[in-house]
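One structure is given below, encoded as structure tokens.
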Amino acid sequence: MYDVMGGTVDEPDPETMRRVLDGLAQADDEHPDVSLTHESGWCLSVFGGGLLLWENPDEEAVAPGEMRNVGREEILRLFGLLAAGDISSIEALPWQR
């Protein structure tokens, strides 16, 4: 997981995910997001205002998806799914591509 300043946290627990997400309050143009990446390459990036980006840079055949106005608890739920490797549940959501 990457915090808003680019610091890394390996295998974050739910409390650490909450703390990293809280760090978005300090986001700026140079450091606009926090993210969680699974070992499979899938990544959820969260930007201020609830913009969520879902992508796997290693999968060129799959376009990145986005959702807007995603609430904090839903973001944390999705982080939990990704940390558990439940890619199919996240992929099944209505991503705008």
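The values are calculated or read from the model by the stated rules, or taken from the named source; none is laboratory data. Since the model is a prediction, treat every value here as computed from it, not as a measurement. For neighbour counting, all protein chains shown are included, and Cβ atoms are generated from backbone atoms with ideal geometry for every residue, glycine included.
Restrict the check to the range 62-70 and report whether at least one residue is at pLDDT below 95, more than 18 Å from PRO94 (Cα to Cα) and loosely packed, with under 15 Cβ neighbours inside 10 Å.
no
Could you list, in sequence order, all residues of the range 1-22 that are part of a loop (DSSP other than H, G, I, E, B), aliphatic (A, V, I, L, M), closer than 19 Å to ALA84 by Cα and under 13 Å from the mean Cα position of the chain (by Cα)?
Hit for the range 1-22 is MET1, nothing else.
For ASP28, all conditions in the list (1) touching a residue at least 24 places away in the same chain (Cβ under 8 Å); (2) out of contact with any strand residue (DSSP E or B) (no Cβ under 9 Å at 6 or more places or on another chain); (3) farther than 16 Å from GLY80 by Cα hold save one; what is the number of the exception?
Every listed condition holds for ASP28 apart from (1).
Being under 11 Å from MET17 (Cβ atoms) and either β-branched (Val, Ile, Thr) or touching a residue at least 60 places away in the same chain (Cβ under 8 Å) (or both) is the filter here; which residues of the range 63-80 pass it?
ILE75, LEU76, PHE79, GLY80
Restricted to the range 23-57, and to residues that are in a helix (DSSP H, G or I) and of a type in the set (A, V, I, L, M, F, W, C), which residue is nearest to PHE79 (Cα to Cα)?
LEU24
Cβ contacts < 7 Å: first residue touching a residue at least 40 places away in the same chain (Cβ under 8 Å), restricted to the range 31-54; second residue basic (Lys, Arg) and surrounded by fewer than 18 Cβ atoms within 10 Å (Cβ to Cβ), any location; separation 6+ or different chain. Result?
Nothing qualifies.
Kindly indicate which of SER35, SER40, SER88 is surrounded by 11 or more Cβ atoms within 10 Å (Cβ to Cβ), small (Gly, Ala, Ser) and over 13 Å from the mean Cα position of the chain (by Cα).
Just a single option satisfies the conditions, and that option is SER40.
Can you confirm whether the range 84-93 contains a residue that is under 20 Å from MET17 (Cα atoms), assigned to a helix (DSSP H, G or I), among the aliphatic types (A, V, I, L, M) and free of Cβ contacts under 8 Å to residues at least 40 places away in the same chain?
No.
VAL20 - would you say it is surrounded by 14 or more Cβ atoms within 10 Å (Cβ to Cβ), in contact with a strand residue (DSSP E or B) (Cβ under 6 Å, 6 or more places away or on another chain), among the aliphatic types (A, V, I, L, M) and over 15 Å from LEU76 (Cβ atoms)?
Against the criterion (surrounded by 14 or more Cβ atoms within 10 Å (Cβ to Cβ), in contact with a strand residue (DSSP E or B) (Cβ under 6 Å, 6 or more places away or on another chain), among the aliphatic types (A, V, I, L, M) and over 15 Å from LEU76 (Cβ atoms)), VAL20 does not qualify.
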